[in-house]
Amino acid sequence: MQTLQKSSDLKTSACCTAKSPPKEAIDILRQLPQEIISKYYGCGSPFPRGLMGSGLRVLDLGCGSGRDCYVCAALVGEKGFLTGIDMTPAQLEVAEQHSAAWQQHLGYAQPNMKFVKGSIEQLDAAGIPPASVDIVISNCVINLSPDKAAVLQQVHRVLAPGGEMYFSDVYCDRRLPAEVRSHEVLLGECLGGALAVDDFVHLAQQAGFHEPRVLEAEPITVHDSELKALLGDAAFYSITFRLFKLPDNPFDAQPQPAAAA
């Protein structure tokens, strides 16, 4: 994504939010610095219901310029905490340079947000402890990973029992041929790395999650005629999933302000 300067450079709708965020998130988005908004890439709205004043610990995978972190930092309140992880220094620089001013804007005595450089396949190496997070969010990032199974396994590790992963990403109605999966533009636009939906469900269950739940699904439009020809009949969708890490005995889980379906 480093070759992109702003959202308008995209040739498909894959990295553009398909559906409006909830009202409470929209109200916060209107207050964000323009640089964070203009350098945002995402395909959905991974803002769980019930975050407002919850004090929950949230981890954002592939946080980029930090847009979703800034929103969630406002939603969870001063007692909550946001961690954003990304491997792109230029994006992290944008996220960090507005952080202090945002905390002041919210009126927080102490920062409730931090950004770390690291790989989403190696959250342990980035210093994210086991069972230390209540909710993991992600917005059109996991499809870019070469090892999606490792990402899901790491997320399961860092989630506390009863926690969940609430995220949006790009999926396809079929397995993609090698020439699509290796195409530089399609990879950058989040289509080349899209999993078939059934393959994703299988990987999630292998990682220890219970049956994934679909919250939203929106079709993705390809604007470029050459890309359309290469993709043929393959259909792509922006899907928001919920994955749950249930304890061995579900009745042992501490009650959480869960996101509403």
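The values are calculated or read from the model by the stated rules, or taken from the named source; none is laboratory data. Only a predicted model underlies this, so the values are computations on that prediction, with no experimental measurement involved. When the accessible area is computed, the model is the full protein with side chains, heavy atoms only, and any ligands, DNA or RNA have been set aside. Shrake-Rupley method; radii C 1.70, N 1.55, O 1.52, S 1.80 Å.
Observations
- Cα convex hull, segment 139-244: 91 Å³ per residue, rounded to a whole number.
- For segment 149-202, the share of accessible area belonging to carbon and sulfur comes to 53 percent (1.4 Å probe, ligands and nucleic acids excluded).
- Kirkwood estimate for the chain, i.e. one over the average of 1/r between Cα atoms, Å: 18.5 Å
- DSSP assigns beta bridges within segment 136-258; of those with both partners inside it, close to 70 percent run antiparallel.
- Residue-normalised accessible area of segment 138-209, expressed per residue, 1.4 Å probe, Å²: 38 Å²
- Exceedance of the 20 Å cut-off in Cα-Cα distance is limited, within the set 39/114; 148/228; 39/117; 23/114, to 148/228; 23/114.
- Here segment 67-135 has 53 percent of its accessible surface on carbon and sulfur atoms, given a 1.4 Å probe and all protein chains in place.
- Accessible area in square angstrom per residue, segment 48-136, 1.4 angstrom probe: 40 Å²
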